[in-house]
Amino acid sequence: MKKWQKDRIAYSWASRLLPAHIEDLKETLENSTDEYDQIHLRLKITQAEEALQMVKEEYERITNG
């Protein structure tokens, strides 16, 4: 399998799995009562959303270019 094929598969899976992970983090945040856990979860959500945005942009570049 060539590198571009592996990249395409990896970005496809990441674009499917990251949104579910973000939703799980948000649900955990809603149920959390500890302030430190909430801060940590907010940071993780922000990082995951940024990663998802990068993955989407890269996947679009790969599939269209």
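The values are calculated or read from the model by the stated rules, or taken from the named source; none is laboratory data. Note that the coordinates shown come from a computational prediction; the quantities given were computed from them, not determined experimentally. Note that we place each Cβ from the backbone using ideal geometry, even for glycine, and neighbour counts take in every protein chain shown. Heavy atoms of the whole protein, side chains included, go into the accessibility calculation; ligands, DNA and RNA do not. Shrake-Rupley method; radii C 1.70, N 1.55, O 1.52, S 1.80 Å.
What number of residues within region 19-44 satisfy the criterion of being open to solvent by less than 50 Å² (accessible area, probe 1.4 Å) and small (Gly, Ala, Ser)?
Qualifying residue count for the region: 1.
Tally the residues that are closer than 13 Å to ARG16 by Cα, touching a Leu at 6+ places or on another chain (Cβ under 7 Å) and not small (Gly, Ala, Ser), restricting the search to region 33-57.
Qualifying residue count, region 33-57: 2.
In region 1-43, what residues are among the basic types (Lys, Arg) and more than 16 Å from ILE62 (Cβ to Cβ)?
LYS26, ARG42
Got a sec? Which of ILE22, ILE62, ILE45, ILE39 is over 16 Å from the mean Cα position of the chain (by Cα), aliphatic (A, V, I, L, M) and at pLDDT 90 or above?
Only one candidate qualifies: ILE39.
Of the conditions (1) touching a helix residue (DSSP H, G or I) at 6+ places or on another chain (Cβ under 8 Å); (2) hydrophobic (A, V, I, L, M, F, W, C); (3) more than 24 Å from LYS6 (Cα to Cα), VAL55 fails just one. Which one is it?
(3)
Considering region 1-18 alone, what residues qualify as being open to solvent by less than 100 Å² (accessible area, probe 1.4 Å), out of contact with any helix residue (DSSP H, G or I) (no Cβ under 7 Å at 6 or more places or on another chain) and at pLDDT 85 or above?
Across region 1-18, the qualifying residues are ILE9, ALA10.
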